[in-house]
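The values are calculated or read from the model by the stated rules, or taken from the named source; none is laboratory data. Since the structure is predicted, the reported quantities are computational estimates derived from the model, not experimental observations. Using ideal geometry, Cβ is built from the backbone for each residue, glycine included, and neighbour counts are taken over all protein chains shown. For the accessible areas, the whole protein counts, side chains as well, though only heavy atoms, and no ligand, DNA or RNA atoms are used. Shrake-Rupley method; radii C 1.70, N 1.55, O 1.52, S 1.80 Å.
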Amino acid sequence: MTEFVNISKKYGDKVVFDNFSLSVPEEKISVIMGESGKGKTTLLSIAAGIVNPDRGKFVHSGNISYMFQEPRLFSWFTVSRNIEAVLPSDKKHLSRKYLSFIGMEEDSGKYPRELSGGMKQRVSFARFLAYTEATDANLLLLDEPFSSIDENMTAAMIEILKNSAKNKTVLYVTHNSNEAELVGDNIIEL
Amino acid sequence: MRKVKKIIKSAAVLLFWLFIWQIISIIISNDLLFPSPLRVFERLFELLREINFYITVLTSLLRIAAGVVSALTAGVLLAVLSSAVPFVHDLLSPFMSVVKSTPVASFIFLLLLWIGRDVMPAVIAAVILLPVVWTNMETGIKQTDRNLLELAAAYKMKTSAKVRYIYLPSVMPYFVSALKSSTGIAWKAGIAAEVLALPVVSIGKYIFESKMYLQTTELFAWTVATIVISAAIEKLLVFATDKLSDGITGKYREKGTMDINDRIC
(Lines give C-alpha, C1' and ligand atoms only; values in the text may rest on other atoms or scores of the structure.)
Protein backbone atom coordinates (compact mmCIF):
# COMPACT_ATOMS: atom_id res chain seq x y z
CA MET A 1 0.00 0.00 0.00
CA THR A 2 1.34 3.40 -1.00
CA GLU A 3 -0.78 6.22 0.29
CA PHE A 4 -0.78 9.90 1.20
CA VAL A 5 -3.18 10.26 4.13
CA ASN A 6 -4.74 13.64 5.02
CA ILE A 7 -1.60 15.57 4.13
CA SER A 8 -1.48 19.28 4.99
CA LYS A 9 1.52 21.38 4.15
CA LYS A 10 2.14 25.10 3.91
CA TYR A 11 5.21 27.24 3.30
CA GLY A 12 4.76 30.49 5.20
CA ASP A 13 1.24 31.62 4.30
CA LYS A 14 1.04 29.58 1.13
CA VAL A 15 -1.05 26.46 1.58
CA VAL A 16 0.21 23.71 -0.73
CA PHE A 17 -1.87 20.80 0.58
CA ASP A 18 -4.92 20.91 2.81
CA ASN A 19 -6.07 17.50 3.97
CA PHE A 20 -4.87 15.87 0.75
CA SER A 21 -5.21 12.11 0.35
CA LEU A 22 -4.10 9.89 -2.52
CA SER A 23 -3.85 6.17 -2.92
CA VAL A 24 -1.08 5.41 -5.41
CA PRO A 25 -1.78 2.49 -7.76
CA GLU A 26 0.61 -0.36 -6.97
CA GLU A 27 3.11 -1.57 -9.58
CA LYS A 28 2.04 1.07 -12.06
CA ILE A 29 3.69 4.18 -13.43
CA SER A 30 1.56 7.09 -12.26
CA VAL A 31 2.28 10.44 -13.82
CA ILE A 32 1.63 13.51 -11.67
CA MET A 33 0.76 16.61 -13.64
CA GLY A 34 -0.33 20.08 -12.62
CA GLU A 35 0.54 23.75 -12.80
CA SER A 36 3.65 25.17 -11.13
CA GLY A 37 3.21 25.65 -7.41
CA LYS A 38 0.61 22.90 -7.08
CA GLY A 39 3.02 20.90 -4.89
CA LYS A 40 4.23 18.15 -7.25
CA THR A 41 7.80 18.30 -5.96
CA THR A 42 6.59 18.70 -2.36
CA LEU A 43 4.53 15.54 -2.74
CA LEU A 44 7.57 13.55 -3.90
CA SER A 45 9.72 15.11 -1.16
CA ILE A 46 7.18 14.04 1.47
CA ALA A 47 7.19 10.51 0.01
CA ALA A 48 11.01 10.48 0.05
CA GLY A 49 11.05 11.63 3.68
CA ILE A 50 13.02 14.81 3.09
CA VAL A 51 10.05 17.12 3.78
CA ASN A 52 7.75 16.57 6.73
CA PRO A 53 4.04 17.33 6.30
CA ASP A 54 2.47 19.68 8.85
CA ARG A 55 -0.26 17.10 9.33
CA GLY A 56 -1.05 13.68 7.91
CA LYS A 57 1.29 10.91 6.86
CA PHE A 58 2.72 8.99 3.96
CA VAL A 59 2.37 5.23 4.13
CA HIS A 60 4.61 2.83 2.25
CA SER A 61 6.61 -0.23 3.13
CA GLY A 62 9.87 -0.89 1.33
CA ASN A 63 12.78 1.13 0.02
CA ILE A 64 12.37 4.30 -1.99
CA SER A 65 14.53 5.65 -4.79
CA TYR A 66 14.32 9.32 -5.77
CA MET A 67 15.51 11.15 -8.87
CA PHE A 68 15.62 14.89 -8.28
CA GLN A 69 14.64 17.54 -10.81
CA GLU A 70 18.22 18.89 -10.85
CA PRO A 71 21.12 16.48 -11.36
CA ARG A 72 22.63 17.28 -7.91
CA LEU A 73 26.03 15.86 -8.77
CA PHE A 74 29.11 16.27 -6.60
CA SER A 75 31.30 18.65 -8.59
CA TRP A 76 34.42 17.22 -6.92
CA PHE A 77 33.77 13.64 -8.03
CA THR A 78 34.03 11.95 -11.40
CA VAL A 79 30.90 10.59 -13.05
CA SER A 80 31.51 7.06 -11.75
CA ARG A 81 32.31 8.22 -8.21
CA ASN A 82 29.12 10.30 -8.23
CA ILE A 83 27.19 7.08 -8.64
CA GLU A 84 29.34 4.99 -6.30
CA ALA A 85 29.00 7.59 -3.53
CA VAL A 86 25.35 6.65 -2.88
CA LEU A 87 25.81 2.87 -3.22
CA PRO A 88 26.58 0.38 -0.46
CA SER A 89 30.20 -0.84 -0.56
CA ASP A 90 29.31 -4.23 -2.05
CA LYS A 91 27.25 -2.65 -4.85
CA LYS A 92 29.75 -0.17 -6.30
CA HIS A 93 30.04 -2.27 -9.46
CA LEU A 94 26.52 -1.17 -10.44
CA SER A 95 27.95 2.19 -11.45
CA ARG A 96 29.58 0.67 -14.52
CA LYS A 97 26.46 -1.29 -15.44
CA TYR A 98 24.16 1.72 -15.45
CA LEU A 99 26.63 4.03 -17.12
CA SER A 100 26.67 1.52 -19.94
CA PHE A 101 22.82 1.50 -19.90
CA ILE A 102 22.70 5.23 -20.52
CA GLY A 103 25.55 5.14 -23.04
CA MET A 104 28.06 7.07 -20.95
CA GLU A 105 30.58 4.37 -20.03
CA GLU A 106 33.36 6.29 -21.75
CA ASP A 107 32.57 9.42 -19.74
CA SER A 108 33.01 7.69 -16.38
CA GLY A 109 36.25 9.56 -15.61
CA LYS A 110 34.90 13.00 -16.49
CA TYR A 111 33.90 15.65 -13.96
CA PRO A 112 30.38 17.18 -13.97
CA ARG A 113 31.62 20.52 -15.32
CA GLU A 114 32.84 18.71 -18.41
CA LEU A 115 29.31 17.49 -19.16
CA SER A 116 26.32 19.15 -20.83
CA GLY A 117 23.06 19.65 -18.90
CA GLY A 118 21.52 16.61 -20.58
CA MET A 119 24.53 14.42 -19.82
CA LYS A 120 24.40 15.44 -16.15
CA GLN A 121 20.75 14.47 -16.02
CA ARG A 122 21.58 11.08 -17.55
CA VAL A 123 24.25 10.53 -14.90
CA SER A 124 21.69 11.40 -12.24
CA PHE A 125 19.35 8.85 -13.88
CA ALA A 126 22.09 6.18 -13.84
CA ARG A 127 22.69 6.91 -10.15
CA PHE A 128 18.96 6.59 -9.48
CA LEU A 129 18.77 3.25 -11.34
CA ALA A 130 21.89 1.89 -9.61
CA TYR A 131 20.49 2.87 -6.21
CA THR A 132 17.13 1.32 -7.11
CA GLU A 133 18.80 -2.02 -7.86
CA ALA A 134 21.24 -1.80 -4.94
CA THR A 135 18.48 -1.28 -2.38
CA ASP A 136 15.79 -3.22 -4.22
CA ALA A 137 13.59 -0.12 -3.97
CA ASN A 138 9.93 -0.80 -4.73
CA LEU A 139 8.80 2.82 -4.94
CA LEU A 140 10.46 5.03 -7.56
CA LEU A 141 10.03 8.80 -7.47
CA LEU A 142 11.08 10.87 -10.48
CA ASP A 143 10.73 14.65 -10.58
CA GLU A 144 10.85 15.91 -14.20
CA PRO A 145 13.78 13.56 -14.78
CA PHE A 146 14.41 14.28 -18.46
CA SER A 147 13.64 18.00 -18.75
CA SER A 148 17.12 18.78 -20.18
CA ILE A 149 17.25 15.82 -22.54
CA ASP A 150 16.15 15.89 -26.19
CA GLU A 151 13.09 13.93 -27.34
CA ASN A 152 14.87 10.94 -28.89
CA MET A 153 17.09 10.46 -25.88
CA THR A 154 14.10 10.91 -23.55
CA ALA A 155 12.28 8.09 -25.36
CA ALA A 156 15.33 5.84 -24.91
CA MET A 157 15.60 6.75 -21.21
CA ILE A 158 11.87 6.05 -20.71
CA GLU A 159 12.36 2.59 -22.22
CA ILE A 160 15.16 1.93 -19.73
CA LEU A 161 12.94 3.19 -16.92
CA LYS A 162 10.03 0.99 -17.95
CA ASN A 163 12.30 -2.08 -17.97
CA SER A 164 13.75 -1.23 -14.57
CA ALA A 165 10.36 -0.36 -13.07
CA LYS A 166 8.62 -3.66 -13.73
CA ASN A 167 6.68 -4.74 -10.62
CA LYS A 168 7.49 -1.44 -8.96
CA THR A 169 5.32 1.53 -8.03
CA VAL A 170 6.37 4.73 -9.80
CA LEU A 171 5.42 8.36 -9.24
CA TYR A 172 6.63 10.41 -12.20
CA VAL A 173 6.28 14.20 -12.33
CA THR A 174 6.30 15.98 -15.69
CA HIS A 175 4.88 19.05 -17.42
CA ASN A 176 5.13 17.43 -20.82
CA SER A 177 1.89 15.72 -21.92
CA ASN A 178 3.64 13.72 -24.69
CA GLU A 179 6.12 12.41 -22.16
CA ALA A 180 3.23 11.64 -19.78
CA GLU A 181 1.48 9.57 -22.43
CA LEU A 182 4.69 7.77 -23.34
CA VAL A 183 5.62 6.81 -19.79
CA GLY A 184 2.43 6.63 -17.74
CA ASP A 185 -0.08 3.91 -17.02
CA ASN A 186 -2.30 6.54 -15.44
CA ILE A 187 -2.26 10.28 -14.87
CA ILE A 188 -2.94 12.10 -11.60
CA GLU A 189 -3.86 15.80 -11.93
CA LEU A 190 -3.05 17.99 -8.96
CA MET B 1 59.94 27.02 -20.31
CA ARG B 2 57.30 28.98 -18.37
CA LYS B 3 58.76 27.64 -15.13
CA VAL B 4 62.28 28.81 -16.10
CA LYS B 5 60.89 32.26 -16.96
CA LYS B 6 59.11 32.40 -13.61
CA ILE B 7 62.31 31.48 -11.75
CA ILE B 8 64.32 34.10 -13.69
CA LYS B 9 61.64 36.71 -12.93
CA SER B 10 61.61 35.87 -9.20
CA ALA B 11 65.43 35.96 -9.09
CA ALA B 12 65.45 39.35 -10.84
CA VAL B 13 62.95 40.76 -8.32
CA LEU B 14 65.03 39.40 -5.43
CA LEU B 15 68.23 40.88 -6.89
CA PHE B 16 66.51 44.23 -7.34
CA TRP B 17 65.56 44.42 -3.65
CA LEU B 18 69.00 43.21 -2.53
CA PHE B 19 70.46 45.97 -4.70
CA ILE B 20 68.19 48.57 -3.04
CA TRP B 21 69.24 47.20 0.39
CA GLN B 22 72.90 47.51 -0.62
CA ILE B 23 72.42 51.08 -1.86
CA ILE B 24 70.70 52.11 1.40
CA SER B 25 73.47 50.51 3.45
CA ILE B 26 76.11 52.37 1.40
CA ILE B 27 74.24 55.67 1.94
CA ILE B 28 73.90 55.08 5.70
CA SER B 29 77.34 53.51 5.81
CA ASN B 30 77.04 52.36 9.39
CA ASP B 31 76.81 48.62 10.06
CA LEU B 32 75.51 49.28 13.53
CA LEU B 33 72.38 50.95 12.12
CA PHE B 34 71.91 49.25 8.75
CA PRO B 35 74.27 46.42 7.77
CA SER B 36 74.83 45.54 4.13
CA PRO B 37 73.24 42.38 2.67
CA LEU B 38 76.74 40.95 2.21
CA ARG B 39 77.51 41.25 5.95
CA VAL B 40 74.11 39.87 6.91
CA PHE B 41 74.41 36.82 4.65
CA GLU B 42 77.97 36.28 5.79
CA ARG B 43 76.69 36.15 9.41
CA LEU B 44 73.75 33.98 8.38
CA PHE B 45 76.11 31.43 6.78
CA GLU B 46 78.18 31.46 9.97
CA LEU B 47 75.00 30.69 11.91
CA LEU B 48 74.13 27.91 9.47
CA ARG B 49 77.39 26.19 10.38
CA GLU B 50 76.43 26.07 14.06
CA ILE B 51 74.41 23.16 15.42
CA ASN B 52 72.87 25.52 17.99
CA PHE B 53 71.14 27.40 15.16
CA TYR B 54 69.25 24.28 14.08
CA ILE B 55 68.32 23.37 17.67
CA THR B 56 67.01 26.90 18.21
CA VAL B 57 65.02 27.00 14.97
CA LEU B 58 63.56 23.53 15.54
CA THR B 59 62.58 24.36 19.13
CA SER B 60 60.80 27.55 18.05
CA LEU B 61 59.16 25.73 15.15
CA LEU B 62 57.87 22.91 17.34
CA ARG B 63 56.70 25.33 20.02
CA ILE B 64 54.69 27.43 17.57
CA ALA B 65 53.50 24.36 15.62
CA ALA B 66 52.04 23.02 18.87
CA GLY B 67 50.00 26.22 19.11
CA VAL B 68 48.91 26.01 15.49
CA VAL B 69 47.81 22.37 15.80
CA SER B 70 45.93 23.14 19.04
CA ALA B 71 44.15 26.07 17.37
CA LEU B 72 43.23 23.97 14.33
CA THR B 73 41.83 21.18 16.49
CA ALA B 74 39.93 23.51 18.80
CA GLY B 75 38.73 25.71 15.89
CA VAL B 76 37.35 22.75 13.94
CA LEU B 77 35.65 21.17 16.97
CA LEU B 78 34.12 24.46 18.10
CA ALA B 79 32.91 25.21 14.55
CA VAL B 80 31.20 21.81 14.34
CA LEU B 81 29.60 22.41 17.72
CA SER B 82 28.48 25.97 17.01
CA SER B 83 27.07 24.97 13.61
CA ALA B 84 25.00 22.26 15.25
CA VAL B 85 23.90 24.30 18.29
CA PRO B 86 23.06 27.97 17.56
CA PHE B 87 23.36 28.83 21.26
CA VAL B 88 27.04 27.78 21.20
CA HIS B 89 27.55 30.16 18.27
CA ASP B 90 25.93 33.01 20.23
CA LEU B 91 28.09 32.13 23.20
CA LEU B 92 31.37 31.97 21.27
CA SER B 93 30.80 34.88 18.90
CA PRO B 94 31.61 37.74 21.33
CA PHE B 95 34.58 35.80 22.73
CA MET B 96 36.06 35.34 19.25
CA SER B 97 35.43 39.02 18.41
CA VAL B 98 37.24 40.11 21.57
CA VAL B 99 40.16 37.76 20.83
CA LYS B 100 40.36 39.08 17.27
CA SER B 101 40.42 42.72 18.26
CA THR B 102 42.70 42.49 21.30
CA PRO B 103 46.25 43.64 20.56
CA VAL B 104 48.71 40.73 20.51
CA ALA B 105 50.97 42.64 22.93
CA SER B 106 48.17 42.69 25.56
CA PHE B 107 47.81 38.94 25.27
CA ILE B 108 51.56 38.47 25.53
CA PHE B 109 51.87 40.49 28.74
CA LEU B 110 48.78 38.93 30.32
CA LEU B 111 49.87 35.42 29.46
CA LEU B 112 53.35 36.15 30.77
CA LEU B 113 51.71 36.74 34.14
CA TRP B 114 49.54 33.65 33.97
CA ILE B 115 51.61 30.93 32.32
CA GLY B 116 55.21 29.89 31.85
CA ARG B 117 57.43 31.62 29.30
CA ASP B 118 58.15 28.38 27.45
CA VAL B 119 54.48 27.71 26.71
CA MET B 120 53.36 31.29 26.13
CA PRO B 121 54.48 31.66 22.44
CA ALA B 122 52.53 28.50 21.57
CA VAL B 123 49.43 29.91 23.26
CA ILE B 124 49.87 33.21 21.41
CA ALA B 125 50.06 31.38 18.05
CA ALA B 126 46.91 29.46 19.02
CA VAL B 127 45.08 32.62 20.09
CA ILE B 128 45.89 34.33 16.78
CA LEU B 129 44.76 31.37 14.73
CA LEU B 130 41.68 30.18 16.67
CA PRO B 131 39.14 32.88 15.63
CA VAL B 132 40.15 32.64 11.97
CA VAL B 133 39.84 28.83 11.89
CA TRP B 134 36.56 28.92 13.81
CA THR B 135 35.01 31.59 11.56
CA ASN B 136 36.14 29.95 8.32
CA MET B 137 35.14 26.44 9.34
CA GLU B 138 31.74 27.57 10.58
CA THR B 139 31.13 29.44 7.32
CA GLY B 140 32.21 26.33 5.37
CA ILE B 141 29.84 24.09 7.31
CA LYS B 142 26.95 26.56 6.95
CA GLN B 143 27.62 26.95 3.22
CA THR B 144 27.37 23.19 2.66
CA ASP B 145 24.92 22.72 -0.15
CA ARG B 146 21.42 21.91 1.11
CA ASN B 147 20.62 20.17 -2.17
CA LEU B 148 23.43 17.70 -1.59
CA LEU B 149 22.31 17.15 2.00
CA GLU B 150 18.79 16.45 0.71
CA LEU B 151 20.28 14.02 -1.78
CA ALA B 152 22.14 12.32 1.07
CA ALA B 153 18.89 12.08 3.06
CA ALA B 154 16.93 10.67 0.11
CA TYR B 155 19.67 8.12 -0.65
CA LYS B 156 20.04 7.23 3.05
CA MET B 157 23.75 7.96 3.07
CA LYS B 158 25.51 7.12 6.34
CA THR B 159 26.79 9.98 8.50
CA SER B 160 30.39 8.94 7.76
CA ALA B 161 29.67 9.11 4.00
CA LYS B 162 27.97 12.50 4.41
CA VAL B 163 31.01 13.85 6.25
CA ARG B 164 33.47 12.39 3.73
CA TYR B 165 31.59 13.10 0.52
CA ILE B 166 29.74 16.34 1.33
CA TYR B 167 30.96 18.18 4.43
CA LEU B 168 34.72 17.66 3.99
CA PRO B 169 34.88 18.75 0.32
CA SER B 170 32.65 21.71 1.21
CA VAL B 171 34.73 22.97 4.13
CA MET B 172 38.14 22.13 2.64
CA PRO B 173 38.51 25.43 0.68
CA TYR B 174 37.61 27.38 3.83
CA PHE B 175 40.04 25.35 5.95
CA VAL B 176 42.87 25.80 3.44
CA SER B 177 42.12 29.51 3.19
CA ALA B 178 42.28 29.88 7.01
CA LEU B 179 45.50 27.92 7.15
CA LYS B 180 47.18 29.88 4.36
CA SER B 181 46.12 33.29 5.59
CA SER B 182 46.95 32.93 9.25
CA THR B 183 49.76 30.46 9.79
CA GLY B 184 52.34 33.02 8.67
CA ILE B 185 50.81 35.55 11.07
CA ALA B 186 50.77 32.95 13.88
CA TRP B 187 54.47 32.23 13.23
CA LYS B 188 55.40 35.91 13.40
CA ALA B 189 53.25 36.48 16.50
CA GLY B 190 54.86 33.43 18.11
CA ILE B 191 58.35 34.84 17.45
CA ALA B 192 57.25 38.24 18.82
CA ALA B 193 56.01 36.45 21.94
CA GLU B 194 59.38 34.71 22.25
CA VAL B 195 61.11 38.10 22.08
CA LEU B 196 59.14 39.21 25.13
CA ALA B 197 58.98 35.91 27.01
CA LEU B 198 62.57 34.88 26.29
CA PRO B 199 62.30 31.10 26.50
CA VAL B 200 65.80 29.62 27.05
CA VAL B 201 66.03 28.13 23.56
CA SER B 202 64.25 30.30 21.01
CA ILE B 203 64.71 32.49 17.94
CA GLY B 204 63.05 35.32 19.87
CA LYS B 205 65.74 35.21 22.56
CA TYR B 206 68.48 35.64 19.92
CA ILE B 207 66.61 38.51 18.28
CA PHE B 208 66.20 40.18 21.70
CA GLU B 209 69.86 39.74 22.62
CA SER B 210 71.02 41.09 19.23
CA LYS B 211 68.93 44.19 19.88
CA MET B 212 70.19 44.48 23.48
CA TYR B 213 73.85 44.35 22.48
CA LEU B 214 73.36 46.40 19.30
CA GLN B 215 74.40 43.44 17.13
CA THR B 216 72.36 44.71 14.19
CA THR B 217 73.95 42.31 11.70
CA GLU B 218 73.00 39.40 13.98
CA LEU B 219 69.47 40.84 14.29
CA PHE B 220 69.16 41.07 10.49
CA ALA B 221 70.53 37.54 10.06
CA TRP B 222 67.98 36.05 12.49
CA THR B 223 65.22 38.10 10.85
CA VAL B 224 66.20 36.82 7.40
CA ALA B 225 66.19 33.27 8.80
CA THR B 226 62.71 33.86 10.26
CA ILE B 227 61.41 35.17 6.91
CA VAL B 228 62.89 32.23 4.99
CA ILE B 229 61.41 29.74 7.48
CA SER B 230 58.02 31.51 7.25
CA ALA B 231 58.10 31.27 3.43
CA ALA B 232 59.13 27.60 3.64
CA ILE B 233 56.27 26.84 6.06
CA GLU B 234 53.80 28.53 3.73
CA LYS B 235 55.05 26.53 0.71
CA LEU B 236 54.95 23.32 2.74
CA LEU B 237 51.42 24.06 3.92
CA VAL B 238 50.20 24.79 0.39
CA PHE B 239 51.74 21.48 -0.75
CA ALA B 240 50.32 19.51 2.20
CA THR B 241 46.82 21.00 1.99
CA ASP B 242 46.70 20.45 -1.78
CA LYS B 243 47.61 16.80 -1.22
CA LEU B 244 45.00 16.57 1.54
CA SER B 245 42.37 18.17 -0.71
CA ASP B 246 43.23 15.75 -3.51
CA GLY B 247 42.81 12.87 -1.09
CA ILE B 248 39.35 14.11 -0.11
CA THR B 249 38.07 15.50 -3.38
CA GLY B 250 39.81 13.28 -5.91
CA LYS B 251 42.09 14.93 -8.46
CA TYR B 252 39.63 17.71 -9.15
CA ARG B 253 41.94 20.40 -7.82
CA GLU B 254 44.63 19.41 -10.30
CA LYS B 255 42.43 20.86 -12.99
CA GLY B 256 42.64 24.16 -11.15
CA THR B 257 38.89 24.51 -11.11
CA MET B 258 37.76 23.98 -7.55
CA ASP B 259 36.86 27.00 -5.51
CA ILE B 260 34.49 27.97 -2.76
CA ASN B 261 31.62 28.78 -5.15
CA ASP B 262 32.03 25.71 -7.30
CA ARG B 263 30.28 22.97 -5.47
CA ILE B 264 27.18 21.65 -7.19
CA CYS B 265 26.32 20.82 -10.78
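Some observations on this one:
- Expressed as a fraction of 2.2 N^0.38 Å, the value expected for a compact globular protein of N residues, the C-alpha radius of gyration of chain B is 1.22.
- The residues of the protein assembly as shown present an accessible area of 51 Å² per residue when probed at 1.4 Å with all protein chains retained.
- Listed residues A:116, A:148, A:65, most fluctuating in chain A (Gaussian network, C-alpha, under 10 Å): A:116
- Residues of segment A:58-77 that lose at least 20 Å² of accessible area (1.4 Å probe, protein heavy atoms only) when the other protein chains are present, relative to their chain alone, are A:66, A:68, A:72, A:73, A:74, A:75, A:76, A:77.
- Whole-number Å³ per residue for the convex hull built on Cα positions in chain A: 118 Å³
- Counted as membrane-span-like here are DSSP H helices of chain B whose alpha-carbon atoms extend 30 Å or more along the helix's own axis and whose Kyte-Doolittle mean is 1.0 or above; these are B:2-28, B:51-84, B:120-142.
- Listed residues A:11, B:206, A:66, B:165 arranged by accessible area, highest first, probe 1.4 Å: A:11, B:206, B:165, A:66
- Mean Cβ neighbour count within 10 Å, used as a protection proxy, ranking B:105-114, A:174-183 highest first: A:174-183, B:105-114
- Total formal charge among the other residues, if their Cβ is under 14 angstrom from that of residue B:210, Lys/Arg +1 and Asp/Glu -1: -1
- Cβ-defined net charge surrounding residue B:39, 12 Å radius [Lys, Arg +1; Asp, Glu -1]: -3
- Segment A:8-51: trypsin sites (Lys or Arg not before Pro) falling in loop per DSSP and having at most 15 other Cβ within 10 Å: A:28, A:38
- Most to least accessible of B:213, B:174 (protein chains only, probe 1.4 Å): B:213, B:174
- Taking each DSSP H run with n ≥ 4 as -39500 (n - 2.57) and averaging over every residue of chain B yields -27000 deg cm²/dmol at 222 nm.
- Peptide B:151-163 shows a mean partner chain C-beta count of 5 within 10 Å per residue C-beta.
- Net charge contributed by nearby residues that have their C-beta within less than 12 Å of residue B:235 (K/R +1, D/E -1): -1
- Cβ neighbours within 10 Å from other chains - mean over A:105-114: 2
- Residue by residue along A:122-128, Cβ atoms of other protein chains within 10 Å of the local Cβ number 1 on average.
- Portion, in percent, of the accessible area of the protein assembly as shown that falls on carbon or sulfur, probe 1.4 Å: 60 percent
- Buried accessible area, chains B and A (both chains, 1.4 Å probe, Å² to nearest 100): 2400 Å²
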